[in-house]
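Okay, so here's the structure we're looking at.
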Amino acid sequence: MMRVVVAAFSVLVVGLMLVQSVSVSGDSKSNSMYVVDGEGDLGKLFYSGGDWGNHLFGDPVSWWSGNSPIGNAGYLDIIMGWIVVDRKTVTMGMQMASPISDESTLPEGVKMVQWSWIFTPAPTEWKWDYEVLILWDGLEFTTFQVDRRTFPFAVTPLDSFEVSGDTLTVQVGAAILQNQVGWMFETTVYTKPPLPLTEDRSMGGWGSPDVNDYVVGHDPAWWPNKPLP
């Protein structure tokens, strides 16, 4: 059975679900950003640039499409991501195309699913300082903050998270935003057990079915970072 550690985010989530387009709002005490992502785009938009991702799965667009196990896993399809900064706390979330329930299972051939929020000090480079991760092995959820500024990476377990239907939320301290200028969100699948979080991903056995909308040639950064609120 799934283990879900519940945080009190329900009022926040109801408000966020009303947002229909990218918006940024803020005042002296709090700031927020909500990013709408296309539905039904698992693997299709992100990998449309040609060879991108071929070191991971060969031709992911073909075997993620149609009725493939990953293509049918709506809980991998992000339709909205957000960050809310309130004084010393950052609340981040995602809404998925379908809920995760006690009956949900991993796609065939997948060992682990990961939902990520990634923060970068250099939005035009392949670089990020922090990741906040929710991992699911089909039975249990675990959540971590990963500090990638030194190697091996520093990993901090988190318990301030909620998985409720089609919505995932996590709270961390606002210190994570120091010197960071961009963020993104993505889902990842592992076809073999992942390496420890203190290490970088290997060059095989994983891929990102969805990431906040990315159009080749239309973004100044190769990775689809968004400005922080």
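All of the numbers you see were taken from the coordinates with simple rules; none came from a lab. None of the values given here were measured: they were computed from a predicted structure. Cβ placement follows ideal geometry from the backbone for every residue including glycine, while neighbour counts extend to all protein chains displayed.
Suppose each label sits 7 Å from its Cα in the direction of the beta carbon; what would the ALA174-ASP86 distance come out to in nanometres?
1.2
Please give me the summed charge of the neighbours of PHE153: other residues whose Cβ is under 13 Å from its Cβ, Lys and Arg +1, Asp and Glu -1.
-2
Can you compute the label reach from LYS111? Point 7 Å from Cα along the Cβ direction, backbone N cut-off under 20 Å, restricted to the range 165-205.
187-205
Note down the magnitude of the dipole of the range 69-214 about its Cα centre, charges +1 on Lys and Arg C-beta and -1 on Asp and Glu C-beta and zero elsewhere, to the nearest 20 debye.
My answer is approximately 480 debye.
Report the calculated FRET efficiency for ASP159 and LYS192 (r = Cβ-Cβ distance, R0 = 25 Å), to the nearest 0.05.
Efficiency computed from Cβ-Cβ geometry: 0.35.
Just grab the label-to-label distance for THR150 and ASP200, each label 7 Å out from Cα along the Cβ direction, in nm (one decimal).
So the label points at THR150 and ASP200 sit 1.8 nm apart.
List the GluC sites (Glu not before Pro) within the range 101-163 that DSSP assigns to loop and that have no more than 16 neighbouring Cβ atoms inside 10 Å.
GLU103, GLU108, GLU125, GLU140
What percent does the relative contact order of the range 94-204 come to when contacts are Cα pairs within less than 8 Å and at least six residues apart?
34
Excluding residues fewer than 8 places away in the same chain, name every one of the aspartates and glutamates whose C-alpha is closer than 18 Å to that of LYS226.
ASP37, GLU125, ASP129, GLU131, GLU186, ASP210, ASP213
Quick one: grab the alpha carbon gyration tensor of the range 129-201, order the square roots of its eigenvalues as a ≥ b ≥ c, and give me rounded if a/c is under 1.5, else prolate or oblate depending on whether a/b is larger than b/c.
Because a/c hits 1.5 or more and a/b fails to exceed b/c, the range 129-201 counts as oblate.
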